[in-house]
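Student: Dropping a structure here in structure tokens format, bear with me for questions.
Taken together, the values in this text are just the output of simple stated rules run on the coordinates, not laboratory data. Fair warning: this is a prediction, and the values are worked out from it, not measured in the lab. As a convention, Cβ positions derive from the backbone with ideal geometry for all residues, glycine included, and neighbour counts pool all protein chains shown.
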Amino acid sequence: MSQYSILILPGDGIGTEVMDEVRKIIDWFDSKRGLDFDVIEDLVGGAAYDTYGTPLADSTMDKAQEVDAVLLGAVGGPAYDDLDFSLKPERGLLRIRKEMDLFANLRPAQCFDALADFSSLKKDIVSGLDIMIVRELTSGTYFGEPRGITTENNERVGVNTMRYTESEIERVARAAFELAKRRNNKLCSMEKANVLEVGVLWRDIVEEVHKSNYPEIELSHMYADNGAMQLVRQPKQFDVILTDNLFGDLLSDCAAMLTGSLGMLPSASLGAKMENGRPKAMYEPVHGSAPDIMGQGKANPSACILSFAMALRYSFDQGDEATRLENAIQSVLASGIRTPDLMQIEGDVPVSTTEMGDAVIDALNNSL
Ligand code: IPM
Ligand code: MG
């Protein structure tokens, strides 16, 4: 039985609370399913700044490079708003993404039956929704040079650069086509080829990868602004969406709300395969550190728990166990047990973060 090494980085705000629940889930799979996890923990974001004076210590970065998977909670908080840009909690997260070269960010947006009423859209538009956004994560506007704030002609000028090389587009396109192949053979690529040269190149490369390697996949292209509109108009027309770093940031938040709560959405950030055949990987909920509810037991641990399910699937090749965990969450929700972010339906039982975690463990026990 192989051992799976995990680095847990709870981070800030509700990150630490939801990660406590994930630890219970990891222990359950360890003791009840014989999966052998070797878990270490460290700091990231504001928590790392408080202790190490930097949002990500070099020693933490080294650990992240060595383990099979990193699980991250959330970073950021108002206490760090005035820090120099290079010390902000978000820089810790961006450094991990960049240095581990986690170029493919998988953001599934699935509308669980029990939650179809929570979407801001009509139930029939979202019920049964199951789409996957593949966001490029290590290049584009987030990292392009030149960047910065300078002074020209006595006024300040802010500069960021949207930049992609052919190989950067090609590798994330391949990742998206591979996913489409395992799902419903359908891929929609989103950019702004009507106004941005980067978009023209993006479209060309996606076409080339399609023709030479994945001709059987139904490929379409959409301008990203239209994509945002179509996501709220008729989201079920999509299956896999491929897009760049900046558009992906916006489109994935938009897709998240279709499902009812940001508290439900996991993500996986994957890089190249390591020597042991596993991809470099980090898993994190799509939600942030939610300082407004931190420390009150109100956070929904589902997104973080579902991120661990993605780790089971994509890092540890335990697809059946991932499905077991996803089903456990579904059955808890179906039974009416909800954290406060999902309390709108009369008769629902409000539970705390810890109670939600316990309910998932109960459901897991029932699955045996
Ligand atoms: C996300 C977040 C991050 C991003 C922040 C926290 C740096 O919004 O993962 O979508 O902009 O990528
Ligand atoms: Mg975002």
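Student: Relative contact order for region 168-251: what percent, with Cα pairs under 8 Å and sequence separation of 6 or more?
Tutor: Reported as a whole number, the value is 42 percent.
Student: Just the number, please: percent antiparallel of the DSSP beta bridges in the chain, rounded to the nearest 5. Could you put the intermediate results ahead of the total?
Tutor: Numbers: 22 of 51 bridges.
Roughly 45 percent of the beta bridges in the chain run antiparallel, per DSSP.
Student: Taking N as the number of residues in region 1-44, what is its alpha-carbon radius of gyration divided by 2.2 N^0.38 Å?
Tutor: Compared with the compact-globule rule of thumb, region 1-44 sits at 1.22.
Student: Percent of alpha carbon pairs in region 160-225 separated by more than 20 Å?
Tutor: Value for region 160-225 (Cα pairs over 20 Å): 23 percent.
Student: Which log10 I(q)/I(0) values, to two decimals, does region 230-311 give at q = 0.14, 0.21 Å⁻¹ under the Debye formula with one point per Cα?
Tutor: Listed by q, the Debye log ratios stand at -0.60, -1.11.
Student: ARG338's amide H: which non-local residues (gap 5+, or another chain) put their own amide H closer than 5 Å, with H modeled 1.01 Å from N in plane and none for Pro or chain starts?
Tutor: VAL349, VAL351
Student: Dividing the convex hull volume of the Cα atoms of region 130-257 by its residue count, what figure in Å³ per residue is obtained?
Tutor: Spelled out: Cα convex hull of region 130-257, divided by residues, is 112 Å³.
Student: Put +1 on the Cβ of each Lys and Arg and -1 on the Cβ of each Asp and Glu in the chain; which of ILE305, SER86, SER252 then has its Cα farthest toward the positive end of the dipole?
Tutor: Highest projection toward the positive end goes to SER252.
Student: Mind pulling up the Rg/Rh value for region 111-187? Radius of gyration and Kirkwood radius, both on Cα.
Tutor: On the Cα set of region 111-187, Rg over Rh gives 1.22.
Student: In addition: Between beta-carbons, use under 15 Å as the cut-off and find the net charge around ARG278, counting Lys and Arg +1, Asp and Glu -1.
Tutor: On the way: positive: LYS273, LYS280, ARG313; negative: ASP36, ASP38, GLU66, ASP68, ASP101, GLU275, ASP317.
Overall, the nearby charge balance is -4.
Student: Considering the options THR243, ILE6, ASN105, tell which one lies farthest towards the positive end of the dipole of the chain, charges being +1 on Lys and Arg and -1 on Asp and Glu at the Cβ, about the Cα centre.
Tutor: THR243
Student: Please state the relative contact order of the chain as a whole percent: Cα pairs under 8 Å, 6+ residues apart?
Tutor: 21 percent
Student: Using the Karplus curve 6.51 cos²θ - 1.76 cosθ + 1.60 with θ = phi - 60°, what ³J(HN,Hα) values do you get for each residue of region 250-262, in whole Hz, with x for Gly and Pro?
Tutor: Computed from phi, the couplings for region 250-262 are 6, 5, 6, 5, 4, 5, 4, 5, 4, 8, x, 8, 5 Hz.
Student: According to the square roots a ≥ b ≥ c of the eigenvalues of the Cα gyration tensor, what is the shape class of region 1-144, taking rounded for a/c under 1.5, prolate for a/b larger than b/c otherwise, and oblate for the remainder?
Tutor: oblate
Student: Lys/Arg Cβ at +1, Asp/Glu Cβ at -1, dipole of the chain taken about the Cα centre: which of ASN184, THR353, ALA290 is farthest positive-ward?
Tutor: Farthest towards the positive end: ASN184.
Student: From the Cα trace of the chain, what convex hull volume per residue do you get, rounded to a whole Å³?
Tutor: Here the figure is 149 Å³ per residue.
Student: Follow-up. To the nearest 20 Debye, how big is the dipole of the chain about its Cα centre, given +1 on the beta carbon of each Lys and Arg and -1 on that of each Asp and Glu?
Tutor: Charge dipole of the chain: 800 debye, to the nearest 20.
Student: Summing -39500 (n - 2.57) over the DSSP H runs of n ≥ 4 in the chain and dividing by its residue number, what mean residue ellipticity at 222 nm do you reach, to the nearest 500 deg cm²/dmol?
Tutor: Result for the chain: -13000 deg cm²/dmol, rounded to the nearest 500.
Student: First select every other residue whose beta carbon is under 12 angstrom from the beta carbon of PHE247; then total the charges, Lys and Arg +1, Asp and Glu -1.
Tutor: For residues surrounding PHE247, the net value is -4.
Student: Quick check for region 130-257: number of Lys pairs with alpha-carbon distance under 20 Å, counting only pairs 8 or more apart or on different chains?
Tutor: Pairs that pass both the separation and distance tests number 4.
Student: Can you give me the long-range amide H partners of PHE37? Hydrogens built in the peptide plane at 1.01 Å from N, cutoff under 5 Å, separation of 5 or more residues or another chain.
Tutor: Hits under the 5 Å cutoff: TYR4.
Student: I need the phi-derived Karplus couplings for region 4-17: 6.51 cos²θ - 1.76 cosθ + 1.60, θ = phi - 60°, integer Hz, Gly and Pro marked x.
Tutor: My calculation for region 4-17 gives 10, 9, 10, 9, 9, 10, x, x, 10, x, 5, x, 5, 5 Hz in order.
Student: Would you mind calculating the gained length between ASP225 and GLU41 on full extension (0.36 nm times residue separation, minus the Cα-Cα distance), in nm to one decimal?
Tutor: Stretched out fully, the ASP225 to GLU41 stretch lengthens by 62.2 nm.
Student: At what distance in angstrom do the alpha carbon centres of region 241-277 and region 112-144 lie from each other?
Tutor: Result: 9 Å between the Cα centres.
Student: Which of the lysines could a cross-linker span from LYS98 if the Cα-Cα distance has to be under 20 Å and same-chain partners fewer than 8 positions apart are dropped?
Tutor: The reachable lysines, counting only those whose Cα sits under 20 Å from LYS98, are LYS63, LYS88, LYS273, LYS280.
Student: Using the Karplus equation 6.51 cos²θ - 1.76 cosθ + 1.60 (θ = phi - 60°), what ³J(HN,Hα) coupling, rounded to whole Hz, does each residue of region 316-331 give in order, writing x for Gly and Pro?
Tutor: 10, 6, 10, x, 5, 5, 4, 5, 4, 5, 4, 5, 4, 4, 4, 6
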